[in-house]
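Next up is a structure, given as structure tokens.
The values are calculated or read from the model by the stated rules, or taken from the named source; none is laboratory data. Just so it is clear, the model here is predicted, and its values are computed rather than measured. Backbone-built Cβ (ideal geometry, glycine too); neighbour counts: all protein chains shown. Surface areas here come from the heavy atoms of the whole protein model, side chains and all, with no ligands, DNA or RNA. Shrake-Rupley method; radii C 1.70, N 1.55, O 1.52, S 1.80 Å.
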Amino acid sequence: MESDRTENYIKIADDFAGFSLDMFCIPKHYENDLKTVLIPSGIIQDRVEKLARDIFSELASEPMLLLCVLKGGYRFFADLTDKLQLLSRNSGQSIPLALDFIRLSSYVGDKTSGKINVVGGEASLPNIADKNILIVEDIIDTGLTMQNLLELLKQYHPKSIRVASLLVKRTPNSNKYRPDYTGFEIPDKFVVGYALDYNEYFRDLNHICVINESGKLKYGKKS
């Protein structure tokens, strides 16, 4: 019996405290703004490599368009693309890849509305018709944003749509949406780093970390 790939992920428990900041290289300008390291950079890279192998083994029979959801997805997208290209060069089969980008807005501070506003890339959406699409996203929070995006993309009649998300957050506000490929399921904490931001800060952090209240106050939008 074929396993359900939507249930194939690393689950980080609610009571996992994370790793001490003292054990890792943290940029000095963020040292007082973070609580813990939730997922170290090396573990992220290893998991992304495994996701690439899973995607390659299942989807390498046809060309694929990788659609990056900006801005938070760009690091995951870049690393995943590199690893898929490496597999194409060094295995007995290859997968033709095309790349495109879409930018959405749904977060205000540390809250997501679920309502999407396409603020970049909408002009190229008609080009997805009859193509196999893999959406590459940084994090699924409530699931509303992704479901709204999927409904939008279906209007342009792609051949298929799959979703790869590095993170899925366990939150009571979730609509239970699950992407096709998931890196980690994480507790209901606001995380930053590896291109995930808080009001545009922390994208330059290599690890995925939990922001503290001081960091939220420091980098919060001023009214």
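Positive end of the dipole of the chain, charges at C-beta (+1 Lys, Arg; -1 Asp, Glu), about the Cα centre: which of 70, 167, 140 has its Cα farthest in that direction?
70
Next question. Roughly what would the spin-label model give for residue 98 and residue 221, points 7 Å off Cα along C-beta, in nm?
If labels sit at residue 98 and residue 221, their model points lie 3.5 nm apart.
Among 134-145, 155-166, how do they line up by average Cβ neighbours within 10 Å per residue, starting with the highest?
Averaged packing, sorted descending, gives the order 134-145, 155-166.
Tilt of helix 144-154 relative to the longest C-alpha principal axis of the chain, in degrees (0 to 90, nearest 10)?
20
Now a separate question. For a Förster distance of 25 Å, can you work out the FRET efficiency between the beta-carbons of residue 151 and residue 81, rounded to the nearest 0.05?
Approximately 0.45, to the nearest 0.05.
What is the magnitude of the charge dipole of the chain about its Cα centre, with +1 placed on the Cβ of each Lys and Arg, -1 on the Cβ of each Asp and Glu, and no other charges, expressed in debye to the nearest 20?
Computed charge dipole of the chain: roughly 420 debye.
Just checking my list [x] -0.32, -0.95; [y] -0.29, -0.88; [z] -0.62, -0.94 against log10 I(q)/I(0) by the Debye sum over Cα atoms at q = 0.08, 0.14 Å⁻¹ computed from this structure; which label fits?
Structure-derived value, by its label: [y].
Nearest 500 deg cm²/dmol is fine: what mean residue ellipticity at 222 nm does the chain get from its DSSP H runs of n ≥ 4 alone, each adding -39,500 (n - 2.57), divided by its residue count?
-7500 deg cm²/dmol
List the residues whose amide H sits under 5 Å from the amide H of residue 132, counting only those 5 or more places along or on another chain, with H placed 1.01 Å from N in the peptide plane.
65, 159, 160
Could you go through region 59-73 in sequence order and give the Karplus-derived ³J(HN,Hα) for each residue, using 6.51 cos²θ - 1.76 cosθ + 1.60 with θ = phi - 60°, rounded to whole Hz, and x for Gly and Pro?
My calculation for region 59-73 gives 10, 6, 6, 9, x, 9, 9, 8, 10, 7, 8, 7, 8, x, x Hz in order.
Roughly how many Å² is the accessible area per residue of the chain, as a whole number, for a 1.4 Å probe?
Accessible area per residue: 51 Å².
In the chain, what percentage of the DSSP-assigned beta bridges are antiparallel, given to the nearest 5?
Around 35 percent of the beta bridges assigned by DSSP in the chain are antiparallel ones.
Between residue 41 and residue 17, take the C-beta separation as r, use R0 = 22 Å, and let me know the FRET efficiency to the nearest 0.05.
Calculated transfer efficiency: 0.75.
Hey, another quick one. What order do you get for 7-14, 33-40 when each peptide is scored by the mean count of other beta carbon atoms within 10 Å, highest first?
Highest-to-lowest ranking by the protection proxy: 33-40, 7-14.
Between residue 31 and residue 201, what length comes free when the chain is fully extended (0.36 nm per residue of separation minus the Cα-Cα distance, one decimal in nm)?
Stretched out fully, the residue 31 to residue 201 stretch lengthens by 59.9 nm.
A follow-up question, please. Per-residue counts of other Cβ atoms within 10 Å, averaged by peptide: what ranking do you get for 84-96, 45-57, highest first?
So the order, starting with the most tightly packed, is 45-57, 84-96.
Take the solvent-accessible surface of the protein heavy atoms, probe 1.4 Å, and return the percent of it on region 136-215 that carbon and sulfur atoms account for.
45
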